[in-house]
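Undergrad: If you scroll down you'll find the structure; I have some questions about it.
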Amino acid sequence: MTASIRSLAADLRQGKTSAVELTQEYLQRIAQFDDQLNSYITLAPDRALTQAQAADERIANGDASLLCGIPIAHKDLFCTRNLATTCASKMLANFVSPYNATVVERIDASGAVTLGKTNLDEFAMGSSNENSFFGVVKNPWDLNCVPGGSSGGSAAAVAAELCVAATGTDTGGSIRQPAAFCGITGLKPTYGRVSRLGMVAYASSLDQGGVMAKSADDCAILLEAMAGFDPKDSTSSDHATTHYSEQLNESIAGLRIGIPRQYFNEQLDPKMTALLQTALVELEKLGAQLIDIDLQQTALAIPAYYIIAPAEASTNLSRYDGVRYGYRCENPTDLQDLYVRSRSEAFGEEVQRRILVGTYSLSSGYYDAYYGQAQRARRLIAEDFAKAFSQVDIIASPTTPGPAFGLDSKTQDPVAMYLEDIYTLAVNLAGLPGLSMPAGFYDHRPVGLQLIGNHFDEATLLRTAHQFQQTTDWHIRRPSLISGGKA
Amino acid sequence: MNWEVVIGLEVHLQLATQSKIFSGSSTRFGAEPNTQASAVDLAMPGMLPVLNEQAVRYAVLFGLGIGAEIGQRSVFDRKNYFYPDLPKGYQISQFEQPIVGKGSFTVTLSDGTTKTIGITRAHLEEDAGKSLHDAIPGASGIDLNRAGTPLLEIVSEPDIRSAEEAVAYLKALHTLVTYLGISDGDMSQGSMRCDINLSLRRRGVSEFGTRTEIKNVNSFRFVERAIHSEIERQSDILEDGGVIIQETRLYDAERDETRSMRSKEVANDYRYFPDPDLLPVVLSDETIEAIRATLPELPEAKRERFKKQYGLGDYDAKALCDSQAMANYFEETANAGGDAKLAANWMLSELAAQLNAHNIDLGQAPVSAQQLGQLIIRIKDNTLSSKMAKQVFDALWQGEGEVDAIIDQRGLKQVSDSGALEGLVNEVVAANPDQVAQYQAADEGKQKKLLGFFVGQIMKASKGQANPKLVNELLNKALK
C-alpha cells in the first residue's frame, strides 16, 4: 500500500475508505505479519476502533487535521492512559499509567488512531532491540537481522506497513539507527522541541521524542502534531514551532551541506562510502553545495555518552523499587531484600549494566574523573558543532557504520554494540536535531544518510529529505516479506 | 567547666506555599494519608518536576532578610539514596550552588548583649514522605502527603556557644520568617525542624572537636534540653579520656537523652549531580530588586522604631516585636487609645495573661485592638479606675459588647466629683472615731496602713466607683 498520510487523508475525505476500515486493514496486517516481526508489545484494537469511529465523525464534519483517522503506533516508552506501558521491561510488565504522555495527548487530539505500543530495548537501552523482556524484534528486510534500537519496534512496524507512522525516542540514536536499518525516515528533534512529560526517562538530558515514517512528509505532519512547549516539562523549549509540512516544497538550491572529514574517513566501510557518496551527489544535483568541514571532537562522543547516559539512567531508574508500582519480588524478608530482589529480578542485563556503570561514575571520588570530564567533553562537542554551523546550514553523515547486523552477533560484546552509535551520539550530546533517510541498499539491507541541523531547524532537515525523496525512491521500496517478493 | 561548646544549626523550614515545590499538590497539613500525592509526588514513570516560583521568591526573601548573597544562578541537584518515603530514590536539593549564600544574623541574649551568628548558606529542597510504623499491623505504611513540600535548609556557621544562644538564634529566626511570611513556623506541625551539630573543645584551643549531629529536634525547649544533655554526655566521655564518635544521634525527650541512630549507612555516598530535569534558576538583578521591594519592615528595624516613635523601653519593644501580629496590634491600640505606654502595658500584662490562660494566638483574641484602644481612652479620661478597667477588659473578653456599652450596663463610672466624694469621706470619718484617733496617734508608717482602712470603707460605700486618687487626697485633708 505504501500509503502516505496525505494520500490516505485524501482517501478518507473522498470516502474511498473510512478510518474504521483503514484501522481494520492495519489490524489485519499486524495479525498477518507481526508474528514474524514482534514489533508490537501491546495491541489496542477496541480502543483503536473507537478512535477510528470518532475520527470518521470528525472527517464527516469537516473538522479534521491531516492526521485524523491515520493509524499510528507509539513506542512503548510513552505513557498511555488505560493501555499498558511496559518500557519492554519485566519491571513495568503490569504497569498501566493513569495519564497520557503529552505526545500521546497531542496526537490523540489530532484524531490519529493508536493501533498499539511498539517494542523496544528495555527502557530504551540498546541498539538492536535484543534487550526486550518481550522478545527481540526482527528486521522486515531480513528476518535474521536486527531492526536496530532502541525504537526497533516502531521502525519495523513502519517498514512492514503495520502502521503509517510511529513515535520513537532517541537518546543516542534510537530513532535514526533503526530508521536506517529498516529503510524508513526518522527524525530526532532538537532537545526541548518535544515534551518529555510521560515519556519514561532513560537519560533526561539526552532523551528526545521524535517521529518515524516512510517519508519526510509524513514525519513533518506527525512532528507538527507533537512539537511545542509544554509547561509541565521544564526542559521543553518555548521556541516557536513552524509548519514543517508546509515548507517542504521549497528548493534546496544553495543549501550548504557540511561533510565532516572525521565521519567519511578510511574507517568507514568503502561500500557505505560509495553508497552515501551517491546520495550526496543527488543532493548536489538538487542545488546543494557540499563543503568539507571538521568535527574534531567526534572521538569524544562515545566515551562522553557512555558516562552521561548511564549516570542519569542510574538515578532515573531508582524509582523502580518495588514499593509503589511495577514488579515486586515475592516474600521479601526486609526492606533491603525487597529492593535488591525486585530490581535484580526485573531489570535485564543491559539495564543493570548501565545502572552499575552510572552509579560508579557518580560516586564521590570518581565524579570529577568521569561525570565531570564527560560534561566538559560534551561542551567541546557542542562548540564543535556551533563552529561548523557558522559555515554550513546542515551536516550530512552516515547514520550507522553499516547495514543491519545479524541477530545475536553483538550481544556478547557490549562495546561493539556501543560503537554502532558512533555517528549518532554526538547529535544528542549537542542537543541538535538529526534525521536519517533511506539512501540505498547494502546487500539488500537499507542504509541511511544522517542529516544534522542547527538548533530548532527541523524544517531544513525535513525539507532537504523531502526534496531528496522527490528524486529517489529508496523510501518507498517495500521489504519482500510484505510485498510478496516484489520490491 | 573546661570545655567550650561549639554548635552549628541546620534548620529545615517549611515554606508557606500553597502547593508543593515540584508539583501542584496541596501542602495542607493533616489530610488523610496519600490524598495529597500526585503522580509527580509518587514518582510515576515519565513524571517531571516543575519548580514552584513562589518557593524561589520565599527563599530570596529570606536571603534578603538576612542580608545574604543571593545566588543569581542556583542549581538543583539529585541526592541519591533508597528509602521507601523517598519515591524517586533521590531527593531534589541544592548542593554546590545554593540559592542563598553567606549572610549573618544578630540576636539579643537575655543579659542584653548581642551576638552575631554567621549563615553559611540556605538552599531549597523537597521534603520526604513519612513512614507510618503503626498504621498497618505487620507492615509499614508510607504517607506521601508531605513528599515534595518545599523546605529551605538554613545552615549556620559553628558560631553558637551555648544552648541559650542556640535558642535565641532559633527564636529570632522564627520571628524573621514569620515577619517575611515565608513560613508559618509552626514547630508542632514540623514547619521548623532543627539539626544540631555539636562538639566540645578545651577552652583556649582553636581546633574543633569531633562533632555529633542530633537530628530533627522540633521545639525550642527540646533544642535547649538536647544541647544540655549532649554537652553532658560528651564532656563525661572527654573527662574520662574517651573520644567522641562522629555520628548521627536522636534526642529522646522522654528520657531527656540523645541516642545513637546506629545507622548502617554511615558513609552514605549521595552521588549528587545536577538534576537534568530542571534548568538552573537564573535570577536577574531586576527580579531580585522586585522581590526586595516586597520586604516588610523587619523585627530589628521595628524595635528601633518602636523605641523612638513610642518611647518604649528595650524590653517592651522586643516583646511587642516578637511577632508581627503583636506589633501590628500594638500600633493599632496605641493609635486608637492615644497612649503607647498604656497600650504596651495592657498587652504585655492583661492581654498576654489571657492569651496564655486560654492557650490561643493573638489572632484568635476576642478583644480587638480598637476595643483595647477605647478602654485606654476611658482610663485616661478618668472614667475608669484600673480596677474597673480590668472588669471591662474581662467583659470585652467575654464578648459582652463595646467598652462604653459595658461601662453603662455595669454602671462602672468612676466618681471623680470631689463635692460628692467629700460627703462620703466625712461620713466615714465621722462613723469611725476610734480609727480616727488611732490614725492621729500613729507614726507616718502606721498612718499609711490605717489610711487603707478608710479608703476601703469609702470604696465600699461608693460601690467601688470612687476615684481612688481623689479619695486619698480628700482623706488626707479630712484626717489632719
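Undergrad: Would you grab the residues whose amide H sits under 5 Å from the one on A:ARG256? Only those 5+ places off in sequence or on another chain, please, with H modelled 1.01 Å from N.
TA: Close amide H contacts, sequence-distant or interchain: A:GLN289, A:ASP393, A:ILE394.
Undergrad: Tell me, what is the per residue accessible area of the stretch B:272-333 in Å², probe radius 1.4 Å? Mind showing how you got there, number by number?
TA: Details: 3140 Å² over 62 residues.
Result: 51 Å² of accessible area for each residue.
Undergrad: Round to a whole angstrom and tell me the spacing of the C-alpha centers of the stretch A:71-108 and the stretch B:93-140.
TA: Measuring centre to centre over Cα atoms gives 40 Å.
Undergrad: Compute the acute angle (0 to 90°) between the alpha-carbon long axis of helix B:220-239 and the principal axis of greatest extent of the alpha-carbon atoms of chain B; round to the nearest 10°.
TA: 60
Undergrad: Cα gyration tensor of the stretch A:353-429, axes a ≥ b ≥ c as square roots of the eigenvalues: rounded (a/c below 1.5), prolate (a/b > b/c) or oblate?
TA: oblate
Undergrad: Continuing with the same structure: Given 25 °C and 0.890 mPa s, how large is the Stokes-Einstein diffusion coefficient of the stretch B:85-224 in µm²/s, with Rh as the Kirkwood radius over Cα pairs?
TA: Answer from the Stokes-Einstein relation: 143 µm²/s.
Undergrad: Taking R0 as 45 Å, what's the FRET efficiency between A:ASN61 and A:ASP408 from their Cβ-Cβ distance, rounded to 0.05?
TA: Computed FRET efficiency for A:ASN61 and A:ASP408: 0.30.
Undergrad: With a 1.4 Å probe and all protein chains kept in place, how much accessible area does A:THR50 have, in Å² rounded to the nearest 10?
TA: Surface open to solvent at A:THR50 totals about 90 Å².
Undergrad: Sticking with this structure for a sec: Which Cα, out of B:VAL217, A:SER342, A:ALA459, lies furthest along the positive dipole direction of the protein assembly as shown (beta carbon charges, K/R +1, D/E -1)?
TA: B:VAL217
Undergrad: Moving on to the next point. Determine the share of the protein assembly as shown's accessible area contributed by carbon and sulfur atoms, expressed in whole percent, with a 1.4 angstrom probe.
TA: Of all accessible area on the protein assembly as shown, carbon and sulfur atoms account for 49 percent.
Undergrad: Follow-up question, since we're still on this one. Across the stretch A:76-229, what fraction of all alpha-carbon pairs, as a whole percent, falls in each successive 5 Å bin from zero upward?
TA: That works out to 2, 12, 21, 25, 23, 13, 4, 0, 0, in percent per bin.
Undergrad: Taking a ≥ b ≥ c as the square roots of the Cα gyration tensor eigenvalues, with a/c under 1.5 meaning rounded and otherwise prolate when a/b beats b/c, else oblate, which class fits the stretch B:182-324?
TA: Since a/c reaches 1.5 but b/c is at least a/b, the shape of the stretch B:182-324 is classed as oblate.
Undergrad: Also: With +1 on each Lys and Arg Cβ and -1 on each Asp and Glu Cβ, and nothing else charged, work out how big the dipole of chain A is about its Cα centre, in Debye to the nearest 20.
TA: Once rounded to the nearest 20, the dipole reads 80 debye.
Undergrad: What is the pair-distance distribution P(r) of the stretch A:22-141, computed from all Cα-Cα distances in 10 Å bins starting at 0, with each bin given as a whole percent?
TA: For the stretch A:22-141, the binned pair fractions read 14, 41, 34, 9, 1 percent.
Undergrad: Can you list residues whose amide H is under 5 Å from B:ILE117's amide H, if they're 5+ apart or on another chain and H is modeled 1.01 Å from N?
TA: For B:ILE117, the qualifying residues are B:PHE105, B:THR106, B:VAL107.
Undergrad: Give me the angle, in degrees from 0 to 90, between the Cα long axis of helix B:324-337 and the longest principal axis of the Cα atoms of chain B, rounded to the nearest 10.
TA: For helix B:324-337, the angle is close to 20 degrees.
Undergrad: Could you pull out the pairs from B:LYS115/B:LYS171; A:LYS138/A:LYS410; A:LYS232/B:LYS79; B:LYS308/B:LYS469 whose alpha carbons sit more than 20 Å apart here?
TA: Numbers: B:LYS115/B:LYS171 13 Å; A:LYS138/A:LYS410 15 Å; A:LYS232/B:LYS79 22 Å; B:LYS308/B:LYS469 31 Å.
Correct reply: A:LYS232/B:LYS79; B:LYS308/B:LYS469.
Undergrad: May I pose another question? Given the whole protein assembly as supplied and a 1.4 Å probe, what does the accessible area of A:ARG463 come to in Å², nearest 10?
TA: 40
Undergrad: What is the mean number of Cβ atoms from other protein chains located within 10 Å of the Cβ atom of each residue in peptide A:318-329, rounded to a whole number?
TA: On the way: counts 10, 10, 3, 8, 1, 10, 8, 4, 2, 0, 0, 0.
Mean partner-chain Cβ count within 10 Å for A:318-329: 5.
Undergrad: Moving on. In whole Hz, what ³J(HN,Hα) sequence does the stretch B:431-443 give by Karplus (6.51, -1.76, 1.60; θ = phi - 60°), x for Gly and Pro?
TA: Whole-Hz 3J(HN,Hα) from phi for the stretch B:431-443: 7, 10, x, 4, 5, 4, 4, 4, 4, 5, 7, 7, 7.
Undergrad: Here's a follow-up. List, in order, the whole-Hz ³J(HN,Hα) value for each residue of the stretch B:456-461 obtained from phi through the Karplus relation with A = 6.51, B = -1.76, C = 1.60 and θ = phi - 60°; use x for Gly and Pro.
TA: My calculation for the stretch B:456-461 gives x, 4, 5, 4, 4, 4 Hz in order.
Undergrad: Tell me whether the protein assembly as shown comes out rounded, prolate or oblate; compute the Cα gyration tensor, take square roots of the eigenvalues as a ≥ b ≥ c, and use a/c under 1.5 as the rounded threshold.
TA: prolate
Undergrad: Starting from the exponent 0.38 and prefactor 2.2 Å, build the expected Rg for chain A from its residue count and divide its actual Cα Rg by it.
TA: Chain A yields a ratio of 0.91.
Undergrad: If you don't mind, another one. For the stretch A:109-206, what is the accessible area per residue in Å², given a 1.4 Å probe and the full set of protein chains?
TA: 10
Undergrad: Follow-up question, since we're still on this one. Would you mind checking which residues have amide H under 5 Å from A:THR118's amide H? H placed 1.01 Å from N; only 5 or more apart, or other chain.
TA: Here A:ILE41, A:HIS74, A:LYS75, A:ASP76 satisfy the definition.
Undergrad: Next question, about the same structure. Please compute the per residue accessible area over the stretch A:364-449 with all protein chains in place, 1.4 Å probe, rounded to a whole number of Å².
TA: Accessible surface, normalised per residue, equals 37 Å².
Undergrad: Roughly what angle does helix B:163-180 make with the longest principal axis of chain B, taking Cα atoms, 0 to 90 degrees, to the nearest 10?
TA: 90
Undergrad: Output the DSSP H helices from chain A with an along-axis C-alpha extent of no less than 18 Å and a mean Kyte-Doolittle hydropathy no less than -1.0.
TA: Those that pass (Cα extent of 18 Å or more, hydropathy at least -1.0) are A:19-37, A:45-60, A:270-285, A:301-316, A:349-362, A:373-388, A:458-471.
Undergrad: Still on this structure, I have one more. Mind listing P(r) for the stretch A:99-163? All alpha-carbon pairs, 10 Å bins, whole percents.
TA: Per 10 Å bin, starting at zero, the Cα-Cα P(r) for the stretch A:99-163 comes out as 24, 43, 29, 5 percent.
Undergrad: Continuing with this model, one more query. Students sometimes get this wrong: rank B:PHE82, A:PHE181, B:PHE208 by accessible area, probe 1.4 Å, all chains present, largest first.
TA: Ranked from most to least accessible, the order is B:PHE208, B:PHE82, A:PHE181.
Undergrad: Determine the total buried accessible area between chain A and chain B, counting protein heavy atoms only with a 1.4 Å probe; round to the nearest 100 Å².
TA: Interface area, both chains combined: 2700 Å², rounded to the nearest 100.
Undergrad: Across the residues of B:271-281, average count of Cβ atoms on other protein chains within 10 Å?
TA: 6
Undergrad: What list of ³J(HN,Hα) values in whole Hz, one per residue of the stretch A:87-92 in order, does the Karplus curve 6.51 cos²θ - 1.76 cosθ + 1.60 (θ = phi - 60°) give from phi, with Gly and Pro shown as x?
TA: With coefficients 6.51, -1.76 and 1.60, one gets 6, 6, 10, 4, 4, 10 Hz.
Undergrad: With every protein chain left in place, what is the accessible area of B:ASP394 in Å² (1.4 Å probe, nearest 10)?
TA: 70
Undergrad: Leaving out same-chain residues fewer than 8 places away, which aspartates and glutamates sit with a Cα under 20 Å from that of B:LYS446?
TA: B:ASP434, B:GLU473
The values are calculated or read from the model by the stated rules, or taken from the named source; none is laboratory data. Remember, it's a predicted structure, so these values are computed and weren't measured experimentally. When we count neighbours, we look across all protein chains shown, and the Cβ atoms used for this are built from the backbone with ideal geometry, even at glycine. Surface accessibility is based on the protein's heavy atoms, side chains included, excluding ligands, DNA and RNA. Shrake-Rupley method; radii C 1.70, N 1.55, O 1.52, S 1.80 Å.
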